[in-house]
Structure formats: C-alpha cells, structure tokens
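Below: one structure, written as structure tokens.
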Amino acid sequence: MPYNLHNRNFLTLKDFSNQEIAFLLKMAGELKSAKYAGTEQPRLSGKHIALIFEKDSTRTRIGFEIAAADQGMHATYLGPSGTHLGHKETAKDTARVLDRIYDAIEYRGFSQTTVQTLADYASVPVYNGLTDEFHPTQILADFLTMQEHTGRRLPEISFCFVGDTGSNMGDSLLIGAAKMGMDVRLLGPKDTWPEQDVMDYARGLAEQSGARITLTDDIGEGVKGVDFIYTDVWLSMGDPESEWERRINLMKPYQVDSAMMGRTGNPATKFLHCLPAFHNAETEIGANIKKQFGLDAMEVTEEVFESDVSVVFDQAENRMHTIKAVLVATIGT
C-alpha cells in the first residue's frame with residue numbers, strides 16, 4: 001500500500017511507522033531494479049538539494065549526490081568549511097535562507113539539535129545524514145541488504161550488533177529493529193550499553209511489533225543462530241587519541257573474527273559493517289594503531305572482512321538506493 005510521505009522530514013526512525021519504513025524499503029528495491037534495468041524514470045527534475053556536511057563522508061555524500069542526479073535533481077555540496085552555520089550564522093537563519101532556494105536540505109554533523117532546528121525553521125524536507133545520536137539513512141540500507149541476502153521479511157530476520165552498543169548506530173539499529181519486529185541482539189561491554197530511556201523506548205515498541213531484544217556481554221548468547229553479525233568502529237569521529245587505549249582494551253574481546261562467526265552455528269551468517277572499517281593497517285589511522293598497540297585490525301579481522309560472508313559493499317551500494325527512495329517519497333512529483 002502506498003503511503004503519502006510528501007514534505008516529510010527524515011530525522012530519525014522514531015518519526016516513521018513500521019508500515020512507512022516498509023514502504024520506503026519497497027520503493028528502494030523498485031528504484032534499484034529500475035536503475036539496473038535502465039528503465040528508471042526521473043521524478044525530481046528541476047529540483048535542488050543542499051547537502052550540509054560538518055563531518056566528512058564517503059557513502060552519505062555519494063549516496064545523496066548520485067540519488068539526486070539519477071532522478072534529475074541538482075545537489076550543492078557544502079563542506080565542513082563551506083557555510084557559516086554555527087560560526088557566523090545560526091541554524092535557524094541558515095534554514096530560512098536555504099529553503100528559499102532549495103527543495104530539500106540534508107545535514108550530516110554533530111548535534112541532533114542542529115538538524116532538528118533546521119527542520120523546525122525550513123519549510124522544505126530536511127534529512128539526517130548522520131548525527132551523534134542517530135543515523136537513519138544507514139538503517140534503511142542495512143534492512144534492504146538483510147532482506148536481499150535472506151529473501152525473508154524483516155520480522156523473520158535476526159542480527160547481532162557487536163561493540164559500541166550505545167552509539168548512534170547501536171541506538172538506531174535497535175529502534176529500527178524494534179519497530180519492524182526483528183530479533184535484535186546488542187552485544188558489547190556493559191560500559192557501552194544504551195541509555196535506559198533508549199532501552200525502555202525500544203522495549204515499548206517491541207511489545208507492539210513482537211520484536212525480540214537481547215542486551216548482553218556474552219558472545220555465545222549474542223550471536224547464536226543469527227543471520228547477520230554487524231559491527232562498527234571502536235573509535236568514533238572526533239574521539240581524542242587519549243581515549244584510544246581505553247577503548248581498544250574495552251573492545252578487544254568483541255572483535256569480529258572467524259571464531260565469532262563460527263559461534264553462530266549458522267553457516268549462512270553474513271557480516272555487515274557501515275564503513276569505513278579498520279580491518280587492516282593500510283590506512284593512516286590503522287598504521288598508527290598497529291604502531292601503538294600492535295593490532296593488525298580492530299573491530300573486524302581482514303579474514304572476515306574480505307571473505308565470502310562479507311556483504312559490506314552490497315550494503316554500501318544500498319545507501320544510494322534507499323536515500324533515493326527517501327528523496328522520491330518526500331519531494332517527488
């Protein structure tokens with residue numbers, strides 16, 4: 001059934017029903033099929049979107065830019081030093097300038113308050129490309145990937161998110177899975193568990209959807225039988241180097257390796273990661289970590305990341321298809 005999402009903001013999955021999320025995923029699948037078949041019809045011709053990035057990005061930026069271009073829309077990239085936002089101009093004023101010129105605004109940065117303020121003061125849809133609190137466009141891509149690799153409905157899928165379970169990714173996955181009636185496990189050290197209000201909110205959703213929520217620091221309990229093991233970086237953007245040693249020591253027992261994958265007891269278990277990943281020492285940060293702490297990899301080993309069970313690049317591609325669905329649903333004609 002189609003849902004009217006015209007002129008809606010996309011700030012957090014809290015604002016969307018399970019039916020609306022399912023509608024966006026269905027649309028994303030249809031748009032993906034049309035792109036591959038060469039039959040995609042542009043529905044955003046003549047429209048313009050402002051892309052505000054206070055934090056650097058690969059997948060979010062290209063996802064929005066290519067989604068817009070495929071649909072006939074023009075995107076303006078405004079990088080970390082490309083606007084006066086927060087320095088010389090308030091988010092309120094920026095919103096009211098941009099909505100006179102653009103048909104939509106995307107924001108990727110630090111505070112959820114900033115993207116909410118943009119939404120409050122702009123008359124056009126505002127999208128959250130990532131904040132310290134939530135990453136909703138990533139979750140749509142994750143769910144589409146899970147559906148594609150199992151051939152099953154979301155309520156029939158189980159996954160375990162490993163590591164920093166109280167991060168923006170952990171909270172977003174928990175809320176999304178609770179809305180969609182999934183079997184979600186959060187596995188990590190107790191110091192990183194979600195805040196109680198987040199857990200209470202998710203459990204309230206689960207009572208309505210039938211979702212199964214497990215919060216644990218026990219690897220066996222967390223991964224048993226799951227369809228997917230999902231992890232993210234141990235060190236988030238902006239974390240000071242002074243935090244590295246403590247975080248690494250805290251997280252080392254939860255590195256995703258072949259042994260953890262084997263503990264699922266499910267030979268079909270796949271590996272997910274929202275990227276970028278520190279799976280070797282071939283980056284500047286990776287080399288620094290190896291030099292200081294003797295680790296060749298952090299949250300996932302090279303063996304798992306480069307194996308046949310890893311579907312991270314399907315997941316990365318799906319950022320674009322799901323972002324496109326959000327654009328078409330909210331500003332398409």
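Below are the figures for this structure:
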| read-out | value |
| --- | --- |
| Selection from region 210-260 of residues that are part of a helix (DSSP H, G or I) and surrounded by 21 or more Cβ atoms within 10 Å (Cβ to Cβ) | 222, 223, 251, 254, 260 |
| Residue list for region 17-41, restricted to those being loosely packed, with under 15 Cβ neighbours inside 10 Å and in contact (Cβ under 8 Å) with a residue 24 or more places away in the chain | 17 |
| Subset of region 263-284 (residues that are of a type in the set (A, V, I, L, M) and without any contact (Cβ under 8 Å) to a residue 24 or more places away in the chain) | 281 |
| In region 181-198, the residues that are of a type in the set (Asp, Glu), in contact (Cβ under 8 Å) with a residue 40 or more places away in the chain and over 28 Å from residue 147 (Cα atoms) | 191 |
| Set 229, 219: member being under 19 Å from the mean Cα position of the chain (by Cα) and not acidic (Asp, Glu) | 229 |
| Criterion (within 18 Å of the chain's Cα centre (by Cα) and closer than 21 Å to residue 136 by Cβ) met by exactly one of 13, 31, 85 | 13 |
| Residues that are in a helix (DSSP H, G or I), within 17 Å of residue 273 (Cα to Cα) and of a type in the set (S, T, N, Q), drawn from region 297-333 | 315, 318, 322 |
| Given (1) assigned by TED's automatic domain parsing to the domain that holds residue 102; (2) in contact with a Lys or Arg (Cβ under 6 Å, 6 or more places away or on another chain), index of the condition residue 324 fails | (2) |
| Only one of 185, 152, 212 that is among the charged types (D, E, K, R) and farther than 21 Å from residue 311 by Cβ | 212 |
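Conditions (1) within 30 Å of residue 125 (Cα to Cα); (2) in contact (Cβ under 8 Å) with a residue 40 or more places away in the chain, marked per residue:
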site	(1), (2)
296	no, no
300	no, yes
309	no, yes
314	yes, yes
318	yes, yes
321	yes, yes
328	yes, yes
331	yes, yes
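The values are calculated or read from the model by the stated rules, or taken from the named source; none is laboratory data. Computed from a predicted model, the values in this text were never measured in an experiment. For neighbour counting, all protein chains shown are included, and Cβ atoms are generated from backbone atoms with ideal geometry for every residue, glycine included.
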